[in-house]
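The values are calculated or read from the model by the stated rules, or taken from the named source; none is laboratory data. Remember, it's a predicted structure, so these values are computed and weren't measured experimentally. Methodologically, a virtual Cβ is constructed for each residue, glycine included, from the backbone with ideal geometry; neighbour enumeration extends over all protein chains shown.
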Amino acid sequence: MHVKFPDKLNKVLQYLKLKIMPNTLFFRTMLLIFIPLILVQVVSVIAFWDGNWEKVGRRLSNNLASNVATAIELTANNPQDLEKIQALYSKNYNIKFDLITDEKEKLSVKSSTHYGEEYKLVTGLLEKSLHRKFPQTVTNVYLNDSHEDITILVETGKGLYRFKTSTKNIFSSSLFGFVAWMVGTSLLLFLVATLFLRIQVRSIATLAQVAEDFGKGINTPFKPYGSSEVRKAGIAFIKMKERILKQISERTQMLAGVSHDLRTPLTRMKLQLAMLPESTENKEFIDDIGEMEKMLDGYLAFVSGEGGEKNTFVDMNELILSIINKFRNGKAMIRYSTNDQVSAIQGREQALKRAITNIISNAFNYGKVIAVALESNNKKLEITVDDDGPGIPPEKREDVFKAFYRLDESRNSETGGVGLGLSIARDIITSHGGKIELSDSELGGLRVLISIPL
């Protein structure tokens with residue numbers, strides 16, 4: 001049965017889920033173990049308290065009150081045997097008592113005692129038991145500073161009886177033993193669960209890291225381990241990875257072969273046209289062949305973006321400088337600002353160089369002023385390329401990343417390539433775990449923001 005909550009309650013639940021619930025599988029699982037464990041402990045302690053500890057304390061208090069009453073009665077009936085009764089109680093019951101008849105000494109005894117708030121419950125049980133035994137008599141119960149001994153004062157017509165005994169006679173220490181045993185076993189269970197979960201979560205984290213590396217083009221060796229479900233997921237990932245690599249390899253080989261096969265007849269046609277007399281038709285035909293060769297070069301560049309280049313640590317500052325230096329003598333002015341603290345990233349150097357070259361080349365094709373900046377922000381390396389060109393309308397900014405898409409539908413080679421530059425750039429940046437975003441530039445044209453994780 002599906003329960004439908006009001007919108008406000010749903011928002012509260014979502015807020016609590018985001019703010020209170022931990023994000024990691026490890027801490028969520030530990031929370032599922034820890035909360036029921038604490039609830040079981042609390043319920044067990046409460047049940048033990050109500051069913052055992054208070055009952056035992058009441059019985060012990062009744063026994064002590066009976067011993068006190070018996071001692072007073074024996075002393076009242078046999079005052080001459082006071083010392084014998086005192087010795088008997090000290091030996092058999094661990095209770096020492098004396099009878100105080102002097103008024104000054106009575107006041108001194110009453111003023112020197114200390115009432116212990118921490119044992120108010122057990123002393124309260126004892127006071128109730130004494131009140132039942134001596135309904136017409138003033139009784140008081142005190143604890144010493146160390147809470148190891150208890151003093152009972154009973155005011156009678158023959159004097160003030162002072163009883164001293166250990167708190168063990170009215171207090172059962174089994175509760176603390178029970179709690180200690182529960183806490184000890186719970187901590188042991190918690191430790192075992194923590195170690196077990198760490199092993200399980202580590203296998204999932206390893207699988208996630210390998211998948212992320214594969215997405216960045218890093219072929220990290222991986223052997224599935226952990227629970228059977230995690231091993232199945234790992235095996236499925238390895239098979240998927242092999243299929244993807246095989247498909248990429250086959251597509252690369254096919255496109256490379258097609259491009260190579262087409263280049264041969266085009267070269268032959270170009271040579272034949274060069275031997276013919278010059279004419280307007282021949283010149284247009286030669287231009288068409290040149291454009292086809294340019295398209296083939298774009299196809300090969302697109303395919304080479306998925307090649308087998310190995311990952312290395314790339315100094316992005318030096319890489320961008322080497323690209324900019326190629327455009328220094330161009331018709332546009334270029335500015336470059338960098339952050340010396342930016343770290344090198346792990347990636348495919350030639351692929352990254354191709355992607356950034358495509359972006360800067362586009363800026364030079366359409367702008368007169370270009371600004372390039374390199375910064376690090378929130379564990380990401382950010383490259384911004386601004387120009388003062390005509391820009392790209394917001395509704396077409398996603399389309400320009402499609403393969404073979406060109407804003408100039410005339411396919412005039414003077415206004416751009418074959419529509420693969422941004423596709424190649426996005427493919428390369430995405431394979432490094434990053435992304436490319438287009439927006440309006442402060443220079444009035446287009447801003448290209450490249451973000452790559454450090």
**Report entry** Verdict on Q41 being of a type in the set (S, T, N, Q), at pLDDT below 85 and surrounded by 14 or more Cβ atoms within 10 Å (Cβ to Cβ)
**Finding:** yes
Report summary line: Per the filter on the range 204-249, residues in a loop (DSSP other than H, G, I, E, B) and not hydroxyl-bearing (S, T, Y) are K216, G217, I218, N219, P221, F222, K223, P224, G226
Query raised in the report: In the range 194-201, is there at least one residue being under 25 Å from G433 (Cα atoms), part of a helix (DSSP H, G or I) and touching a helix residue (DSSP H, G or I) at 6+ places or on another chain (Cβ under 8 Å)?
Result: yes
Query raised in the report: Name the residues in the range 385-420 that are β-branched (V, I, T), buried (at least 20 other Cβ atoms within 10 Å of the Cβ) and modelled with pLDDT of 80 or more, would you?
Result: V385, I392
Report summary line: Flagged in the range 437-450 as buried (at least 20 other Cβ atoms within 10 Å of the Cβ) and part of a strand (DSSP E or B), in numbering order, are L446, V448, I450
Query raised in the report: Does the range 87-97 contain any residue that is farther than 16 Å from S166 by Cβ, assigned by TED's automatic domain parsing to the domain that holds T165 and touching a strand residue (DSSP E or B) at 6+ places or on another chain (Cβ under 9 Å)?
Result: no
Requested in this report: Please work out if S423 is in a strand (DSSP E or B), within 30 Å of Q209 (Cα to Cα), modelled with pLDDT under 85 and under 36 Å from the mean Cα position of the chain (by Cα).
Outcome: no
**Report entry** Every residue from the range 69-86 that is out of contact with any Lys or Arg (no Cβ under 7 Å at 6 or more places or on another chain), closer than 16 Å to T165 by Cβ and of a type in the set (A, V, I, L, M, F, W, C)
**Finding:** A71, I72, I85
Requested in this report: Kindly indicate which of K223, K239 is surrounded by fewer than 11 Cβ atoms within 10 Å (Cβ to Cβ) and touching a helix residue (DSSP H, G or I) at 6+ places or on another chain (Cβ under 9 Å).
Outcome: K223
